[in-house]
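Reading through the structure tokens given below for one structure.
The values are calculated or read from the model by the stated rules, or taken from the named source; none is laboratory data. Remember, predicted model here, so these are calculated numbers, not experimental data. No Cβ is skipped: glycine too gets one built from the backbone with ideal geometry, and neighbour counts run over all protein chains shown. Side chains included, ligands, DNA and RNA excluded: accessible areas come from the protein's heavy atoms. Shrake-Rupley method; radii C 1.70, N 1.55, O 1.52, S 1.80 Å.
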Amino acid sequence: VQLVESGGGLVQAGGSLRLSCAASGSTFSINAMAWYRQAPGKPRELVATITSGGGNTNYADSVKGRFTISRDNAKNTMYLQMNSLKPEDTAVYYCNTGRGGSKWYSPGNYWGQGTQVTVSS
């Protein structure tokens, strides 16, 4: 499985970005997926998860109401729509494919290379 993130960039506070994660492999539609982020000097944190069919999503409290995770299994692609961005959202964002249900997620071994999101104040 290969995961490739894109869509990061520099944006002012209050702005929006849409990240994409393109996945290779025929098993995309049966795996849960997630977005993580890692800011300099901080551990990697879970941002949002989505079940294989897209019917269940979960968010970190820090992004709830501002970020929306979605997926298009026909395109083997997952998205993260980020609105009302804050400087504290600045991080490298990674996608991951793993196992998950409506209230849990267990990361798998496959990660993308990450995409940098920088929010200026």
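Brief remarks on what is shown
- Kirkwood Rh and Cα Rg combined as Rg/Rh, the chain: 0.94
- In the context of the full set of protein chains, residues of the chain present 50 Å² of accessible surface per residue (probe radius 1.4 Å, heavy atoms only).
- Taken over segment 51-121, the alpha-carbon convex hull comes to 103 cubic angstrom per residue.
- Rel. contact order, % - alpha carbon contacts under 8 angstrom, at least six apart, the chain: 36
- Taking 102, 52, 29 as the candidate residues, the one with maximal mean-square fluctuation in a Gaussian network model of the chain, Cα springs under 10 Å, is 102.
- When a 1.4 Å probe is rolled over the protein heavy atoms, the share of accessible surface on the chain that falls to carbon and sulfur comes to 48 percent.
- Computed FRET value (nearest 0.05) for residue 18 with residue 44, which takes r as the C-beta separation and R₀ as 25 Å: 0.75
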